[in-house]
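The values are calculated or read from the model by the stated rules, or taken from the named source; none is laboratory data. If you're wondering where the values come from, they're calculated on a predicted model, not measured in any experiment. Heads up, the Cβs are rebuilt from the backbone with ideal geometry, glycines too, and the neighbour counts pull from every protein chain shown.
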Amino acid sequence: MKQRIQRFSRILKLRENDRQAEQIELAEERREEDAVLHRLDSLKSEKTKAIEDFLGEGERVVSRQEIWFQRQCIDVIEKYIGEGKENLNEVQRRIAGTEERLLERHRDVRVMEGYVDRLKTDERKAFFDVEQVELDDIAVTRYGRLGRLSAGAAKGEDSK
């Protein structure tokens, strides 16, 4: 029984390690998501500033080439924002998959913990059952010996 408990305890430990690995991966993906969100925020700020610069240029004389370059700058920023949104969607998709796997690992660990606990409870119960049988045997032996001694003493008194 002890070998069985040890074997399933090792399996439980492996499943706990798998769960911990998933938790670490989820934390890394969350950090990556935060980095992408931060990058998107900075790109949006940059775009807003570029648009303000583009609109503010009406007060002074600028060439068509400068206007075209400013517009190209805004287009490039929009392209980066689009790529960032795609990247964010990919990271969020991976996070959802990792959360699903983590939930499955957590269920596996809980099931295995319950099984190992049940094995340990059964082992303790078997140990206490054996111990009780041994105590009962000792009690019967002592009672039988005392009963014979009392019966012998009673016979000895009767024969006097």
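Considering (1) without any contact (Cβ under 8 Å) to a residue 24 or more places away in the chain; (2) surrounded by 12 or more Cβ atoms within 10 Å (Cβ to Cβ); (3) not small (Gly, Ala, Ser), say which one THR121 fails and leave the rest.
Checking THR121 against (1) without any contact (Cβ under 8 Å) to a residue 24 or more places away in the chain; (2) surrounded by 12 or more Cβ atoms within 10 Å (Cβ to Cβ); (3) not small (Gly, Ala, Ser), the one that fails is (2).
Determine if the stretch 30-41 includes at least one residue that is in contact (Cβ under 8 Å) with a residue 60 or more places away in the chain and assigned to a helix (DSSP H, G or I). Walk me through how you get there before you give the answer.
Of all residues in the stretch 30-41, those in contact (Cβ under 8 Å) with a residue 60 or more places away in the chain come to 30, 33.
Applying the additional criterion that residues be assigned to a helix (DSSP H, G or I) yields 30, 33.
For the stretch 30-41, residues in contact (Cβ under 8 Å) with a residue 60 or more places away in the chain and assigned to a helix (DSSP H, G or I): present.
Criterion first (touching an Asp or Glu at 6+ places or on another chain (Cβ under 6 Å) and more than 20 Å from LEU26 (Cα to Cα)) does ILE51 satisfy it? Working first, answer last.
Numbers: touching an Asp or Glu at 6+ places or on another chain (Cβ under 6 Å): no; more than 20 Å from LEU26 (Cα to Cα): yes.
So ILE51 does not fit the description; no.
Filter the stretch 29-52 down to the residues that are exposed (fewer than 13 other Cβ atoms within 10 Å of the Cβ) and acidic (Asp, Glu) and list them by number.
Hits for the stretch 29-52 are ASP34, ASP41, GLU52.
Out of (1) surrounded by fewer than 12 Cβ atoms within 10 Å (Cβ to Cβ); (2) at pLDDT below 95; (3) in a helix (DSSP H, G or I), what's the single condition that is false for ILE74?
Result: ILE74 passes all but (1).
Check whether at least one residue in the stretch 77-86 is part of a loop (DSSP other than H, G, I, E, B), basic (Lys, Arg) and farther than 30 Å from LEU103 by Cβ, and report yes or no. Don't jump to the end; show me each part of the working.
Initially, the stretch 77-86 is screened for residues part of a loop (DSSP other than H, G, I, E, B), giving none.
The answer is no, given that none of the residues of the stretch 77-86 is part of a loop (DSSP other than H, G, I, E, B), basic (Lys, Arg) and farther than 30 Å from LEU103 by Cβ.
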